[in-house]
1. With an 8 Å cut-off on Cα pairs and a minimum separation of 6 or more residues, tell me the relative contact order of region 20-70 in percent.
2. For Val41, what is the net charge nearby, where nearby means another residue's Cβ is under 10 Å from its Cβ and Lys, Arg count +1, Asp, Glu -1?
3. Loop-only check: which trypsin sites (Lys or Arg not before Pro) in the chain are DSSP coil with at most 13 other Cβ within 10 angstrom?
4. In Å, what Kirkwood hydrodynamic radius results for region 10-65 from the alpha-carbon pair distances?
5. So which residue, out of Val73, Val26, Val49, gets the largest mean-square fluctuation from a GNM of the chain using Cα contacts under 10 Å as springs?
6. If I take every Cα pair under 8 Å that is 6 or more residues apart in the chain, average their sequence separation and divide by the length, what percent do I get for the relative contact order?
7. Rounded if a/c is under 1.5, else prolate if a/b is larger than b/c, else oblate: which is region 30-93, with a ≥ b ≥ c the root eigenvalues of its Cα gyration tensor?
8. How much of the accessible area of region 1-90, probe 1.4 Å, is carbon plus sulfur, in whole percent?
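The values are calculated or read from the model by the stated rules, or taken from the named source; none is laboratory data. In this text, all values refer to a predicted model and were calculated from it rather than measured experimentally. All Cβ positions, even for glycine, are placed from backbone atoms using ideal geometry, and neighbour counts span all protein chains on display. We work out accessible area using only protein heavy atoms, side chains counted, and drop any ligands, DNA or RNA first. Shrake-Rupley method; radii C 1.70, N 1.55, O 1.52, S 1.80 Å.
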Amino acid sequence: EDTGKIALVGGWSYDVETEKLTWTSVTKMIHEAGEEYEPSVKEGLEFYVEGKSRDLVSDRFAKLLNKGESFDVEAEIITVNGLRKWVRSIGKA
């Protein structure tokens, strides 16, 4: 957590059994969400710009869950405050 804050690198984890998505405080900051914000997977994916970015991340996340395929992609999000940002998202099973 401290390293992420210094480097401005966020993190996330997903528990398959409980279907709980967890964001680090830096990820919440990148998305301009409050510290209390606890997104669902659906809500997390909705930050990605509709179309190419959202489709890419949704597809890769589904392959991660269903086939265990890791991913490393860059996609555009729209923050809580409407700011467009490019982010890198990495997923490993």
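1. 24
2. Taking every other residue near Val41 into account, the sum is -1.
3. Lys92
4. Every distinct Cα pair counted, the radius reaches 11.9 Å.
5. Highest fluctuation among the options: Val73.
6. RCO, the chain: 20 percent.
7. It comes out prolate by the Cα gyration axes.
8. 51
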